[in-house]
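First the structure, in the form of structure tokens, and then the observations on it.
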Amino acid sequence: MISPNCTIQEPLVFFLLGIPGLESIHLWLSIPVCCLGVATIVGNVTILAVVATESALHKPVYFFLCMLSTIDLAASVTTLPKLLAILWFGSGHIAAAACLAQMFFIHAFCMMESTVLLAMAFDRYVAICDPLRYATILTDTVISRIGLAAVLRGSLLMFPCPFLIGRLSFCHSHVIPHTYCEHMAVVKLACGNTIPNRVYGLTAALLVIGVDLLCIGLSYAFIARAVLRLSSREARAKALGTCGSHICIILISYTPALFSFFTHRFGRHVPLHIHILLANVYLLFPPALNPIVYGVKTKEIRDRVVRVCCFQKELPPLSCLSKSTSPAPPSQDFLFTSKSPSHRWD
């Protein structure tokens, strides 16, 4: 076992410090981390199972939701085991190759998730602003290509980073003041020329976060304009409520990411433990909240989960039996025009 403060020319082992300054409460911090991990697994597996077993939910919006759930589960598997090992046992040692692999997958999955969020915003834009062409635009082939594009985009943009870091020398310290191998946290340990790493990291982040946020903002601006043209106040309220839920999860996903990104580069006066906590919020909260926002608040999924739970009993409640088992067509749930203000927005 190599000491955390060991200094050799080429590191074989890094040491993840956890949350600097809060080592005494690591055990207590593991409780919310475990709760979020369980919520992530249960919620996303439920979403995947419900959509897979219900043919009525084989629609574009639910396929994108399944992509999001799959990415969230994969990202959790990448981060949670080592995070809990650090909080429970102080086991922060990680091989250099494993550290680079963790860095690649964490950032690649975050880029894939951003791409899927953009695709879901586009789905809502087409459904609301051009409903008559919804089925012809978002075909199964197009959805498959979007999913492939999300995987390739995240993988290709992160592919050079491990090689750029592999060329560096770590001659001062191998201690990473973080709970996972974050790109800039590792780069700051190097004693060579890190300008290419910093420039590439900044460029990749801007290509993903900057472009995606701009496109998502434009999509919701067009959606808001279409909603405000409705004559019914109730329809406008329901439509804006639906957009508000999506905007909330986008803010939850992007705000900690932007904070972590800029403080690593420009925020020298931000306490380190605050930065590390928010970086973990970025990784832990969205995967746990996505099933709630995109699943529980979607009427079709909520009804089917309730129906499954009710059918497990000998005498299902009347409330379960009274619900229609046939889902409404997309035009009733996600599509509307200015001439049809009475459509539901659940």
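The values are calculated or read from the model by the stated rules, or taken from the named source; none is laboratory data. Everything quoted here is computed from the prediction, not taken from an experiment. A quick note on method: Cβ atoms are made from the backbone with ideal geometry, for glycine too, and the neighbour counts reach across all protein chains shown. SASA here: full protein model, heavy atoms, side chains in, ligands and nucleic acids out. Shrake-Rupley method; radii C 1.70, N 1.55, O 1.52, S 1.80 Å.
Residue-level check: of (1) open to solvent by 20 Å² or more (accessible area, probe 1.4 Å); (2) at pLDDT 90 or above; (3) over 30 Å from T141 (Cβ atoms), G90 misses just (2). When I137 is tested against the conditions (1) farther than 24 Å from K59 by Cβ; (2) at pLDDT 90 or above; (3) not small (G, A, S), the lone failure is (1).
For R145, the conditions (1) modelled with pLDDT of 95 or more; (2) under 17 Å from the mean Cα position of the chain (by Cα); (3) not hydrophobic (A, V, I, L, M, F, W, C) are fulfilled apart from (2). Which one is nearest to S253 (Cα to Cα) among residues in region 157-216 that are of a type in the set (S, T, N, Q) and assigned to a helix (DSSP H, G or I)? For region 157-216, the residue satisfying everything is T203. The numbered conditions (1) over 25 Å from L16 (Cα atoms); (2) surrounded by fewer than 13 Cβ atoms within 10 Å (Cβ to Cβ) are all true for R167 except (1). Hey, among the residues in region 188-225 that are crowded, with 20+ Cβ neighbours inside 10 Å and β-branched (V, I, T), which one's nearest to F122 (Cα to Cα)? Per the stated criteria, the residue is I216.
Set side by side, the residues V126, V116 differ, and just one is open to solvent by less than 20 Å² (accessible area, probe 1.4 Å), free of Cβ contacts under 8 Å to residues at least 40 places away in the same chain and more than 16 Å from C181 (Cα to Cα), which is V126. Note on region 30-60: residues that are open to solvent by less than 40 Å² (accessible area, probe 1.4 Å), closer than 20 Å to L278 by Cα and more than 17 Å from the chain's Cα centre (by Cα) amount to 1.
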